[in-house]
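The values are calculated or read from the model by the stated rules, or taken from the named source; none is laboratory data. Small disclaimer: the values here were computed from a predicted structure and weren't measured. Reconstructed Cβ throughout: ideal geometry from the backbone, glycine too, with neighbour counts over all protein chains shown. Please note that ligands, DNA and RNA were not included when accessible areas were found on the heavy atoms of the full protein model with its side chains. Shrake-Rupley method; radii C 1.70, N 1.55, O 1.52, S 1.80 Å.
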Amino acid sequence: MCGIVGYIGTRKASPILINGLLRLEYRGYDSAGIATLEDEGLTVMKDKGRVKNLYNIPGIDDLKGTIGIAHTRWATHGKPSKENSHPHVDNSKSFSVVHNGIIENYNELRKFLTDKGYKFYSQTDTEVIPNLIHYYYNKDTKNDDMKLLRAVNKACKDLKGSFAVEVISKYDKEHMVVVRKDSPLVIGKGDGENYISSDIPAILSFTKDFYLLNDLEFALLSRDDIKFYDIDLNPVEKRVQVIEWDAASAEKEGYEDYMLKEIHEQPTAIRETIGAKLNEGSKCDFDELKFTKEYLQGVNKIYLVACGTAMHAGLAGKVMLEKLCKIPTEVDIASEFRYRDPIIDDKTLCIFISQSGETADTIAALKLSREKKARTLAITNVIGSSITREADYSIYTHAGPEIAVASTKAYTSQVVLLALLTIYFAETLGVSKKEVEDLKKEIIELPKKVEEVLKTDEQVREFGHRIYQEKDVFFLGRGIDETVARESALKLKEISYIHADSYPAGELKHGPIALIENGITVISIMTDPKLVEKTVSNIQEVITRGAKTLVVTNQKVDDKMFDTVVHIPETSPFVSPILSVIPLQLLSYYISKEKGLDVDKPRNLAKSVTVE
Ligand code: F6R
């Protein structure tokens, strides 16, 4: 949560910083601010609310500084307000800091500094950082190019928690210092100028050359150079990584919202994720994984661990792994897994799914699994993200940058990658040969079928128009369709603010059916031929009680029974979530639009949840 941007070069920093912040707003939008080094010293401009409010601050266009830092906030400590906005400064207004993360021992540090005469003007945890830097800077008697770096380094040694931090000072107009621990930060290398950002797409239009910092690594940036150091300030060598993403893919390209664009990008995202891994007639190829038959035969359990939508993709993964590979598989929510002392040993394979690769709980769960000697595998969409630096192995969805807070193309790409991984395991084990061959054919057909499903847009939109003022919506399904019910309920909640619940269809009569009354909306997914009749019976039960019904199906059902039936192409039940979720992504999108809400930036949410 929170987005940070930095610039050091020869151009005016402020427009570059604001431009970067606008692209990072998905990470939080409670307040925004920038600090630049002007001739007269440090200038800080900030305000509550969206990044665009910065344009209304008098004098912001007159800033000339060519070094600056910037921040868009997702509030943790202290309510959204001007005084709690970043950048923060020390008492002498000599050092300015932006911070993404949480300083867990900030009360202790506040006391330490207060005892030394420092005053605090915000309720944030961050404000201790510039003051600690001031404290250590003043104690350092050496005056050289490393003085700011040394002060930041000493201050960071006192911090507990997570932080991605940028620092500038009026005492050093040639440098900027950055450091990260458990929060994202990338460095873009330009020609006579350098950039900082919380993610790659925000600065992709400026450079394709990136350096990725590991935990507790520091960078000292000047206009022409970037030097890296470890926690003891020993120099560290780093190689530039060239990022192949196209800058245009992080733009809206004529769509009204990122979410709609990303829904429509799913055929491409799936095609790219399949890539060269699957070719008819040959085995599924995961070059980067060297899992032997002996290793897989010895696996006692697979854990799929993730949060939110990524966890829902894991639920589909479980069905495939258990049915085709016969390996017991559990799905766990990362924030629960990390605290419940799961039974894991060196024969356990723990798979972590995260679009951003930065989710704090998922990374903590991964670290725990490694401590317990499990083999760890990360599935992520972001090359070089924190999770890939922690896991034994990493494999990638190739969905391209996902900007809308509500995840769509990342989810379907994750389900595809889990299907491919299942095939790879089954082929290595030499099991379920016929089912695996059938599934391979179905996967290759998916991009075309997704294009077909996108044509249901108008029908879904009409249904959305009928129900957008509802207060409660229920989603039902059985088997793998129940996993889609969960994902669809989450999507509706997060962007339309309608209360939505999902249930296994057979569970309804054990309690929730008491909530069904005249006019209530019940949405069901029916793609498994073995279960369709059972679910139809459950829907009959709610129709009898007056429910309005929408059905998403690839089976033959009696259309007259339901208010709206969305027909989608047939496919293997294993990968049916990839098709059945799409009309329901569109439904949430259109309902949110009808309600006049900000689809891409729903309230209280952030794209990348880097705090626990
Ligand atoms: C919902 C959504 C979230 C994320 C969750 C995990 O649409 O996007 O539930 O799926 O915060 O994020 P990642 O995948 O980045 O770890």
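Things to note:
- Contacts under 7 angstrom Cβ, first residue in segment 109-131 being more than 16 Å from residue 95 (Cβ to Cβ), partner open to solvent by less than 10 Å² (accessible area, probe 1.4 Å), 6 or more apart: 110/128; 123/84; 125/103
- Candidates in segment 369-388 are the residues that are within 16 Å of the ligand (Cβ to nearest atom) and not hydroxyl-bearing (Ser, Thr, Tyr); of these, the one that is surrounded by the fewest Cβ atoms within 10 Å (Cβ to Cβ) is 383.
- Unique residue being over 14 Å from the mean Cα position of the chain (by Cα), within 15 Å of the ligand (Cβ to nearest atom) and open to solvent by 10 Å² or more (accessible area, probe 1.4 Å) when the list is 351, 333, 403: 333
- Screening the candidates 520, 495 for the property of being farther than 15 Å from residue 577 by Cβ, over 30 Å from the mean Cα position of the chain (by Cα) and modelled with pLDDT of 95 or more yields one hit, 520.
- Selection within segment 477-506: residues that are in a helix (DSSP H, G or I) and among the hydrophobic types (A, V, I, L, M, F, W, C). The member of this set that is nearest to the ligand (Cβ to nearest atom) is 490.
- Just one of (1) part of a loop (DSSP other than H, G, I, E, B); (2) at pLDDT below 95; (3) on the phi > 0 side of the Ramachandran plot fails for residue 192. It is (2).
- Scanning segment 370-403 for residues that are of a type in the set (A, V, I, L, M, F, W, C), part of a loop (DSSP other than H, G, I, E, B) and more than 30 Å from residue 255 (Cα to Cα) turns up 374, 391.
- Residue match in segment 570-589 (condition: touching a strand residue (DSSP E or B) at 6+ places or on another chain (Cβ under 7 Å) and within 16 Å of the ligand (Cβ to nearest atom)): yes
- Whichever residue in segment 406-438 is within 16 Å of the ligand (Cβ to nearest atom), assigned to a loop (DSSP other than H, G, I, E, B) and small (Gly, Ala, Ser) and, among such residues, is most open to solvent (accessible area, probe 1.4 Å): 407
- Residues (crowded, with 16+ Cβ neighbours inside 10 Å, closer than 20 Å to residue 260 by Cβ and among the basic types (Lys, Arg)) located in segment 439-465: 449, 461
- Checked against the criteria, residue 16 counts as open to solvent by 10 Å² or more (accessible area, probe 1.4 Å), in a helix (DSSP H, G or I) and of a type in the set (A, V, I, L, M).
- Positions within segment 87-104 being open to solvent by 10 Å² or more (accessible area, probe 1.4 Å) and in a loop (DSSP other than H, G, I, E, B), in sequence order: 91, 92, 93, 104
- Criterion violated by residue 206 - all others in (1) surrounded by 18 or more Cβ atoms within 10 Å (Cβ to Cβ); (2) out of contact with any Lys or Arg (no Cβ under 8 Å at 6 or more places or on another chain); (3) not in a loop (DSSP other than H, G, I, E, B); (4) not β-branched (Val, Ile, Thr) satisfied: (3)
- Considering residues of segment 209-230 that are assigned to a strand (DSSP E or B) and acidic (Asp, Glu) only, the residue surrounded by the fewest Cβ atoms within 10 Å (Cβ to Cβ): 209
- Scan of segment 558-594 for residues that are touching a helix residue (DSSP H, G or I) at 6+ places or on another chain (Cβ under 6 Å) and in a loop (DSSP other than H, G, I, E, B), ordered by number: 568, 569, 571, 572
- Residue within segment 320-330 that is in a strand (DSSP E or B), surrounded by fewer than 19 Cβ atoms within 10 Å (Cβ to Cβ) and either within 13 Å of the ligand (Cβ to nearest atom) or under 24 Å from the mean Cα position of the chain (by Cα) (or both) present: yes
- Residue in segment 443-456 that is among the hydroxyl-bearing types (Ser, Thr, Tyr) and under 30 Å from residue 241 (Cβ atoms) present: no
- Only one of the listed residues (558, 600) is open to solvent by 50 Å² or more (accessible area, probe 1.4 Å) and either within 16 Å of the ligand (Cβ to nearest atom) or of a type outside the set (Ser, Thr, Tyr) (or both). That residue is 558.
- Considering only residues in segment 266-313 that are more than 16 Å from the ligand (Cβ to nearest atom) and among the polar types (S, T, N, Q), the one that is least open to solvent (accessible area, probe 1.4 Å) turns out to be 282.
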